[in-house]
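Each remark here refers to the structure printed beneath this line.
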Amino acid sequence: MNGRHSLELALPGATIGAVAGAMAGGLTLFAGQPAGMAALSALALSAPLALFGGLYGVLLGHGVFRPGTFGPVGLYWMAAFPLSRLVQETLFGVGTADGVLTFLAYQAMVSLGFAIGFVWMHERLMPHWLIRRAPDNPVAKELLGHYLRYARMTQARKGARK
């Protein structure tokens with residue numbers, strides 16, 4: 001897999017991570033923080049979430065994760081989300097006042113909610129992206145095949161229940 005193919009697989013997850021980080025950082029405006037501090041906080045969270053979101057796409061392309069599964073992805077975000085929040089709080093926050101381990105434990109619990117939202121968005125966006133990239137990217141074509149097999153299997157299960 002060349003670098004361009006990896007970058008193409010990383011783009012949807014990186015975008016989701018960046019937007020989620022910007023939105024969460026933007027919520028600090030509602031907490032009464034000045035606009036400049038809110039912007040820096042958003043950037044400090046967006047960057048690591050974009051990095052981990054992009055890495056998720058690359059790992060998905062390499063077969064580490066499978067479409068339609070949550071358990072391994074939940075564990076991935078249980079590590080990645082607290083690290084992202086730690087970067088944000090180390091740079092622009094005060095959330096670690098009660099101790100780093102307490103902060104990380106709380107963030108690990110919150111991370112499962114983030115993971116659900118991330119997977120939901122990724123499962124909606126990635127197949128559309130893969131359809132566009134499959135003609136030029138053999139890895140995207142193979143991953144699209146995995147998504148199509150999963151969709152057929154899900155459809156067959158729904159039909160069997162009726």
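Below are the figures for this structure:
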| quantity | calculated |
| --- | --- |
| Options A151, A134, A115; residue that is of a type in the set (A, V, I, L, M, F, W, C) and within 30 Å of A44 (Cβ to Cβ) | A115 |
| Checking L27 against (1) out of contact with any helix residue (DSSP H, G or I) (no Cβ under 7 Å at 6 or more places or on another chain); (2) modelled with pLDDT of 90 or more, the condition it does not meet | (2) |
| Meets criteria (modelled with pLDDT of 90 or more and either in contact with a Ser or Thr (Cβ under 6 Å, 6 or more places away or on another chain) or crowded, with 22+ Cβ neighbours inside 10 Å (or both)) for A44 | no |
| Test result for P67, in contact (Cβ under 8 Å) with a residue 12 or more places away in the chain and in contact with an Asp or Glu (Cβ under 8 Å, 6 or more places away or on another chain) | yes |
| Scan of the stretch 118-131 for residues that are over 19 Å from V73 (Cα atoms) and either buried (at least 18 other Cβ atoms within 10 Å of the Cβ) or more than 21 Å from the chain's Cα centre (by Cα) (or both), ordered by number | W129, L130 |
| Test: residue in the stretch 84-99 that is surrounded by 14 or more Cβ atoms within 10 Å (Cβ to Cβ), among the small types (G, A, S) and either in contact with an Asp or Glu (Cβ under 9 Å, 6 or more places away or on another chain) or not in a helix (DSSP H, G or I) (or both) | yes |
| Which listed residue, of A115, A134, A79, A108, is modelled with pLDDT under 95, of a type in the set (G, A, S) and either out of contact with any Gly (no Cβ under 9 Å at 6 or more places or on another chain) or buried (at least 16 other Cβ atoms within 10 Å of the Cβ) (or both) | A134 |
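The values are calculated or read from the model by the stated rules, or taken from the named source; none is laboratory data. Keep in mind that what you see is a predicted model, and the values were worked out from it rather than measured. So basically every Cβ, Gly included, is an ideal-geometry build from the backbone, and we count neighbours across all protein chains shown.
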